[in-house]
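Trainee: Mind having a look at this structure? Questions to follow.
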Amino acid sequence: MGKQAKVAESSWDNLLRIFTVPEASGATLNRLDRDISANLAGFLQEHIVAEEHDLVRIERDFHDTRIPEAPVFVSDQTRFLLDKVVAQSVHTASPSFVGHMTSALPYFMIPLSKIMIALNQNLVKTETSKAFTPLERQVLGMLHRLIYAQSDAFYERWLHHSDERLGAFCSGGTVANITALWAARNRAFGPDGEFPGIGRSGVFAALRHHDCDGAAVLVSERGHYSLSKAADVLGIGRDQMVAVETDARNRIRPDALVATLKRLERQRIRPFALVGIAGTTETGNIDPLDCLADIAAEQGIHFHVDAAWGGPTLFSERYRPRLAGIERADSVTIDAHKQLYVPMGAGMVLFREPSALASIEHHAQYIIRQGSKDLGSTTLEGSRPGMAMLVQSALKIIGRQGYAMLIDNGIELARRFADRIAALEDFELITEPELNILTYRWAPAGVQARLHDADEAQRRWINDLLNRMTQSIQKRQRERGKSFVSRTRLTPASHDRQAITVFRVVLANPLTTDQVLRELIEEQRQIAAEHLESADFANLKALLDTHRRRM
Ligand SMILES: *Cc1c(COP(=O)(O)O)cnc(C)c1O
């Protein structure tokens, strides 16, 4: 490579060549295709370097904003990708990468996704997707059945119905949540006499028609930030995504919810949806869904469950009861690119009633005509890829029992890890896992004892020291590149609602073992010991030393 690299020539013939299947078996593209196909995952992993470059340094490889005048050879571009992109990407499939919701994929996704890319179907309408449209509807039906378990006759009637659909397939949990609240808003402020409905007349006219000063959605303070985005784009305003207090286990407090509903009434703000969370993003907790369903029914408002993360728990006979009440939701979000183990870019929202999506239906003469089976009329996105093909493949190849094993394994691994942390002298479990997510921090027994006896100001001071330590351990561990946990800030009731920085662990990769987690803790312990020797943590060290002297 380098300065003397050959330059490709711009010509019509060369241009045509990149659109056709390479003929000669020795052609560069064929060779690349073979090399990559032989062992893509292994090949890519070998090229990821563990040592971390800071982003500013990486940015230098991406500073040129001029589009190349002359073409670059595919082989040269591939080299560039390997050296500069793959090498500095994140090894999300690693068993010790347990900090985020993005983890390993089953290997069959790689060859099968090639079929999807090669066919390049567009789900916006059947003219560009044919079998992919019924396939997508089937996937929606499978997830609908997982949640709502309607009769065979129900699915027989609605699955491929030309006017109705059981849900919407989209790029992820964010768009799924927006779609659910969009439908809820349009139904709550639907056509009424002279009033043509909020979809046509907008928010201002809708509020005037309903004689109120605002419209609101309620969710616990652990709600995902995609919900505030939804409130923003739906025009009700982020402040009207009303956060309700949670209990010691990060679950919405029904008493606080009822009080909030009363306050909104006094403020002349009309609630139109209540969101329950099945697997909070930070701590994996589940709201009391049955109780929320009762309150939503009593208020006559839409009940949405954000099960982007926790939805697949329904596969597990053992843990399914934890989501009891989800079947009473008007709509449910499930992310396929999380615990269905599908590549990024696949989410779904399912509606209990097949007619629910009619409130957001849009038509265009040239493309999505009324009464057609096209899916584009009720999706926020227009053109969409055939990701449903990969979801269907995963559902069939892994199967209900396979998913149940994955779910059970994650929850049980988290339970054992939590028990181990609780038993350790120098770590403190902050949130108990309800699913496969837990949080903890480094806090030696001596410091924990001091916290216990301290007054509020002293506690704040000690927690600040620990927060800095947690932050610096997390950062150092990430830089070392061997393992990765994320960190977040919580205000747990167990710590008087003081801000606590914690390590967050998400256990969804089936290759993560107890041993991997033991090593992860051991590494954090070493980093803590190193950091204690630095001047930055002199106060914390002094605190530990006074405790040791007292013992
Ligand atoms: C991940 C997540 C989302 C957002 O999903 P994206 O796919 O990232 O858009 C929404 N809600 C919850 C509870 C989530 O965990």
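The values are calculated or read from the model by the stated rules, or taken from the named source; none is laboratory data. Predicted model only: the values in this text are computed from it and were never measured. Neighbour counts run over all protein chains shown; Cβ positions are idealised from the backbone, glycine included. For accessibility, only protein heavy atoms count, side chains too; no ligands or nucleic acids. Shrake-Rupley method; radii C 1.70, N 1.55, O 1.52, S 1.80 Å.
Trainee: Give me the pairs: first residue in segment 511-522 and in the same structural domain as Trp442 (by TED's automatic domain parsing), second residue open to solvent by 90 Å² or more (accessible area, probe 1.4 Å) and basic (Lys, Arg), beta-carbon distance under 9 Å, and six or more apart or on different chains, which are they?
Mentor: These pairs meet every condition: Asp514/Arg416; Leu517/Arg416; Glu519/Lys482; Leu520/Lys482.
Trainee: Taking the options Phe73, Phe43, Phe62, name whichever one is modelled with pLDDT under 90 and under 30 Å from Lys482 (Cβ atoms). Explain how you work it out, then say what you get.
Mentor: Details: Phe73 fails: under 30 Å from Lys482 (Cβ atoms); Phe62 fails: modelled with pLDDT under 90.
Phe43 is the lone residue from the list that is modelled with pLDDT under 90 and under 30 Å from Lys482 (Cβ atoms).
Trainee: Now a separate question. Could you check, for segment 192-208, whether at least one of its residues is within 14 Å of Ser359 (Cβ to Cβ), free of Cβ contacts under 8 Å to residues at least 12 places away in the same chain and of a type in the set (D, E, K, R)?
Mentor: Within segment 192-208, one or more residues are within 14 Å of Ser359 (Cβ to Cβ), free of Cβ contacts under 8 Å to residues at least 12 places away in the same chain and of a type in the set (D, E, K, R).
Trainee: Asn250 passes all but one of (1) free of Cβ contacts under 8 Å to residues at least 60 places away in the same chain; (2) crowded, with 16+ Cβ neighbours inside 10 Å; (3) over 21 Å from Gly172 (Cα atoms); which number fails?
Mentor: Evaluating Asn250 over (1) free of Cβ contacts under 8 Å to residues at least 60 places away in the same chain; (2) crowded, with 16+ Cβ neighbours inside 10 Å; (3) over 21 Å from Gly172 (Cα atoms) leaves (1) as the failure.
Trainee: Go through segment 77-187 and tell me which helices (runs of 4 or more DSSP H), entirely inside it, have 2 or more residues that are within 16 Å of the ligand (Cβ to nearest atom), within 23 Å of the chain's Cα centre (by Cα) and within 30 Å of Thr280 (Cα to Cα).
Mentor: Values: elements: 109-119, 132-148, 152-158.
Ranges flagged: 132-148.
Trainee: Can I ask one more? Would you please name the residue that is nearest to the ligand (Cβ to nearest atom), looking only at residues in segment 221-247 that are of a type in the set (Ser, Thr, Tyr) and touching a residue at least 24 places away in the same chain (Cβ under 8 Å)?
Mentor: The first filter runs over segment 221-247 and keeps only residues of a type in the set (Ser, Thr, Tyr), leaving 225-226, 228, 246.
Next, from what is left, pick out any that are touching a residue at least 24 places away in the same chain (Cβ under 8 Å): 226, 246.
Numbers: Ser226: 5, Thr246: 14 Å.
The residue in question is Ser226.
Trainee: So, one more: Could you tell me how many of the residues in segment 1-35 are within 16 Å of Phe73 (Cβ to Cβ), at pLDDT 70 or above and among the β-branched types (Val, Ile, Thr)?
Mentor: Total meeting the criteria: 1.
Trainee: For Leu218, state whether it is within 16 Å of the ligand (Cβ to nearest atom), outside any helix (DSSP H, G or I), on the phi < 0 side of the Ramachandran plot and open to solvent by less than 60 Å² (accessible area, probe 1.4 Å).
Mentor: Values: within 16 Å of the ligand (Cβ to nearest atom): yes; outside any helix (DSSP H, G or I): yes; on the phi < 0 side of the Ramachandran plot: yes; open to solvent by less than 60 Å² (accessible area, probe 1.4 Å): yes.
Criteria met by Leu218.
Trainee: Does segment 528-547 include one or more residues that are under 25 Å from the mean Cα position of the chain (by Cα) and open to solvent by 30 Å² or more (accessible area, probe 1.4 Å)? Talk me through it step by step, then tell me what you get.
Mentor: Of all residues in segment 528-547, those under 25 Å from the mean Cα position of the chain (by Cα) come to none.
Within segment 528-547, none of the residues are under 25 Å from the mean Cα position of the chain (by Cα) and open to solvent by 30 Å² or more (accessible area, probe 1.4 Å).
Trainee: Within segment 409-429, does at least one residue satisfy the condition of being farther than 30 Å from Asn467 by Cα and not in a loop (DSSP other than H, G, I, E, B)? Walk me through how you get there before you give the answer.
Mentor: Taking segment 409-429 and keeping what is farther than 30 Å from Asn467 by Cα, we get 409.
Subset that is not in a loop (DSSP other than H, G, I, E, B): 409.
Checked against the condition, which is being farther than 30 Å from Asn467 by Cα and not in a loop (DSSP other than H, G, I, E, B), segment 409-429 yields at least one hit.
Trainee: Which fully enclosed helices (runs of 4 or more DSSP H) of segment 437-551 have 2 or more residues being modelled with pLDDT of 95 or more and within 30 Å of Leu406 (Cβ to Cβ)?
Mentor: Values: elements: 445-453, 456-480, 514-532, 538-550.
Passing ranges, in order: 456-480, 514-532.
Trainee: Name, by its number, the condition in (1) at pLDDT 90 or above; (2) open to solvent by less than 60 Å² (accessible area, probe 1.4 Å); (3) more than 23 Å from Ala346 (Cβ to Cβ) that does not hold for Met101.
Mentor: Met101 satisfies every listed condition except (3).
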